[in-house]
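J.: Could you have a look at this structure, given as structure tokens, before my questions?
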Amino acid sequence: MKQQLVHFVLLHPNDNVIVCCSDTVENQNISIANQSIVLKTPIHVGHKVALHPIARGEKIIKYGVSIGSATRDIQIGDHVHLNNVKSDYIASHTRLGQNNDSEGKV
């Protein structure tokens, strides 16, 4: 019997994103949480995809907790990443130093 490759995992039942555990290709159809999703772009291991529509300003839920907020509307199957999410965490460091150099010297 051929074993089916698992491409995504839902980490918590309240999550609105799923996490990639095997690289995928554009327009790949996946099934998870009793729904079928067509991926709009290739997704790499560790990256997130919207399981449900996420409105601008809505929280991104992973592990059952908020990890950020959508900076624009995100559709089912969209890659959820830096281009459409703002972190809810307070930055503890910066890449720019006191003189705005890129060395990170503070």
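J.: Which length gain, in nm to one decimal place, applies between Asp88 and Leu11 when the Cα-Cα distance is subtracted from 0.36 nm times their residue separation?
T.: Working: separation 77, 0.36 × 77 = 27.72 nm, distance 1.91 nm.
Extra length available between Asp88 and Leu11 comes to 25.8 nm.
J.: Taking H placed 1.01 Å from N in the peptide plane, check which residues at least 5 places from Gly68 or on another chain put their amide H under 5 Å from its amide H.
T.: When sequence neighbours closer than 5 places are left aside, the close amide H contacts are Ile60, Asp88.
J.: Next question. Go through the range 24-32 residue by residue and turn each phi into a ³J(HN,Hα) via Karplus (6.51, -1.76, 1.60, θ = phi - 60°); whole Hz please, and just put x for glycine and proline.
T.: Karplus values, whole Hz, x for Gly and Pro: 10, 10, 4, 6, 5, 9, 10, 10, 7.
J.: I want the local charge near Gly57. Using Cβ-Cβ distances under 10 Å, sum +1 for each Lys or Arg and -1 for each Asp or Glu among the other residues. Can you show the working numbers first?
T.: Details: positive: Arg56, Lys59, Arg72, Lys86; negative: Glu58, Asp73.
Around Gly57, the charge tally is +2.
Just so you know, all these numbers are worked out from the coordinates, no wet-lab data involved. None of the values given here were measured: they were computed from a predicted structure. Virtual Cβ from ideal backbone geometry, glycine too; neighbours counted across all protein chains shown.
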